[in-house]
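Participant: Submitted below is the structure of interest, expressed as structure tokens.
The values are calculated or read from the model by the stated rules, or taken from the named source; none is laboratory data. It should be emphasised that the depicted structure is a prediction, and the values quoted were computed from it without experimental measurement. FYI the Cβ positions are ideal-geometry reconstructions off the backbone, even for glycines, and counts take in every protein chain you see. Just so you know, the surface numbers come from the protein's heavy atoms only, side chains and all, with ligands and any DNA or RNA stripped out. Shrake-Rupley method; radii C 1.70, N 1.55, O 1.52, S 1.80 Å.
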Amino acid sequence: MLIKKMGVPDRIALVLFVLLASFAQADELRTLPVGSSQFTFSDWAGPDLEVRVYTPEKVKDSTPIVIVMHGASRTVDNYFTHWQLQGQTHGFVVVVPEFNAVDFSGSWRYNLGHVFDQDTGRLRPESQWTFSAIEPLFDQITAALGTDQAAYTLYGHSAGAQFVHRFLYYKPGARVARAIAANAGWYTLPDFDVAYPYGLDGAHIEGSVIREALGKDVILLLGDADIDTEQANLRKSPEAQQQGPHRYARGATMYDVAKSTAERFGVKFNWRKVDVPGAAHSNAQMTPAAAGLVD
């Protein structure tokens, strides 16, 4: 009855209102369909993220969730394709957020979590760190699944592996059941005698946080053929070269430094170094081995 009394402009306004309302609802993640899907994540203080998800047919509270951090190449579709296949095989949920090259350009805004302002060196508000997107993303995923998982596996390859190990430093309360860092190009070593970002001197991290991080379930997943010393994306600064000539060697250095730091602090060391035979600097080659380690 109300519509019959409206003029044409009023009816157009009503239609527009309904359409806008429906778009607003579509922007909010309410449920996740079986199979592959995509949504925009905005429930944090940083820029919106496009997120790709694979959901198996049957999801329970015990179904693992793996959050996948892509590399600096931002080839998100490739990462999702490789991990979706593993999700189908193993029956776990795959979540791949996209940290695009515009909003998260360079290593400071992505690999290093945008904890510090690159120009001034000042500590930024924690809510705006790139690291701060992961926990609320996990909350939104579990809410949309209607499940009650208490933790997730965090995997990253290359620049994503850099993100993963630093995430443990800066988000000590994160609900990470297992962290898998695959083929990082260089590391922030758990060493307070080495200047940030290659170590913890000036990193604004307490020793107690590092003690806790060394006791967490962390796997340094290393392709034993990732030994190219001339690859264009391999950081060749003097500080990076001190960690080793290539990614495989640098991963070994990270493990050794972490182990010796744990011994010096007198804390239990729960990290593992796992080699992937024949794998070079390729997420596609690393993903099958990583998928078998999802907790």
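Participant: Reported to two decimal places, what Rg/Rh ratio describes the chain when computed on Cα atoms with Rh from the Kirkwood expression?
Facilitator: 1.05
Participant: When only alpha-carbon atoms count, how far does segment 134-203 stretch along each of its three principal axes, as whole angstroms with the largest first?
Facilitator: The Cα atoms of segment 134-203 stretch 45, 23, 15 Å along the principal axes, largest first.
Participant: In whole Hz and in residue order, list the ³J(HN,Hα) couplings for segment 67-74 that follow from phi through the Karplus curve 6.51 cos²θ - 1.76 cosθ + 1.60, θ = phi - 60°; x for Gly and Pro.
Facilitator: 9, 10, 9, 6, x, 5, 5, 6
Participant: Calculate for the chain the 222 nm mean residue ellipticity that helices alone would give, adding -39,500 (n - 2.57) per DSSP H run of length 4 or more and normalising by residue count, nearest 500 deg cm²/dmol.
Facilitator: After summing the helix terms and dividing by residue count, I get -10500 deg cm²/dmol.
Participant: So, R0 is 45 Å and r is the distance between the beta-carbons of Thr31 and Arg272; what FRET efficiency does that work out to, to 0.05? Write down the numbers at each step before the final one.
Facilitator: On the way: r = 37 Å, r/R0 = 0.81.
According to the calculation, E is roughly 0.80.
Participant: Further question: Once you have a ≥ b ≥ c as the square roots of the Cα gyration tensor eigenvalues for segment 48-151, tell me rounded if a/c is under 1.5, and otherwise prolate or oblate according to whether a/b is larger than b/c.
Facilitator: It comes out oblate by the Cα gyration axes.
Participant: Here's something else I'd like to know. Please compute the volume of the convex hull spanned by the alpha-carbon atoms of segment 236-295 and report it per residue in Å³. Write out the running numbers ahead of the final one.
Facilitator: Values: hull volume 6.3 nm³, N = 60.
Convex hull volume per residue, Cα atoms: 104 Å³.
Participant: What FRET efficiency, computed as 1/(1 + (r/R0)^6) with R0 = 41 Å and r the Cβ-Cβ distance, is obtained for Thr81 and Ala240, rounded to the nearest 0.05?
Facilitator: That pair, Thr81 with Ala240, gives E of 0.85.
Participant: Out of the total accessible area of the chain (probe 1.4 Å, heavy atoms of protein only), what percent is carbon and sulfur?
Facilitator: 51 percent
Participant: Output the antiparallel fraction of DSSP beta bridges having both residues in segment 35-292, as a percent to the nearest 5. It would help to have the intermediate numbers written out before the result.
Facilitator: Numbers: 13 of 37 bridges.
About 35 percent, rounded to the nearest 5.
Participant: How about segment 121-220: which GluC sites (Glu not before Pro) there are in a DSSP loop, with at most 16 other Cβ atoms within 10 Å of their Cβ?
Facilitator: Here the sparse-neighbourhood loop sites are Glu206.
Participant: What FRET efficiency would be calculated for the residue pair Ser260, Thr63, taking the C-beta separation as r and a Förster radius of 41 Å, to the nearest 0.05?
Facilitator: For Ser260 and Thr63, the calculated efficiency is 0.65.
Participant: Please state, to two decimals, what the Cα-based radius of gyration of segment 170-249 comes to when divided by 2.2 N^0.38 Å (N = residues).
Facilitator: My calculation over the Cα atoms of segment 170-249 gives 1.19.
Participant: List the residues of segment 233-254 whose backbone N lies under 17 Å from a point placed 7 Å from the Cα of Ile227 along the Cα-to-Cβ direction.
Facilitator: So the set is 244-253.
Participant: With a/c under 1.5 counting as rounded, go ahead and sort segment 136-295 into rounded, prolate or oblate using the C-alpha gyration tensor (a ≥ b ≥ c being the square roots of the eigenvalues; past the cut-off, prolate if a/b is larger than b/c, else oblate).
Facilitator: Oblate, because a/c is 1.5 or more while a/b does not exceed b/c.
Participant: Now, a different point. For segment 41-49, what does the Karplus curve 6.51 cos²θ - 1.76 cosθ + 1.60, with θ = phi - 60°, yield as ³J(HN,Hα) per residue in whole Hz, taken in order and with x for Gly and Pro?
Facilitator: Here the 3J(HN,Hα) series is 9, 10, 7, 7, 7, x, x, 4, 10 Hz.
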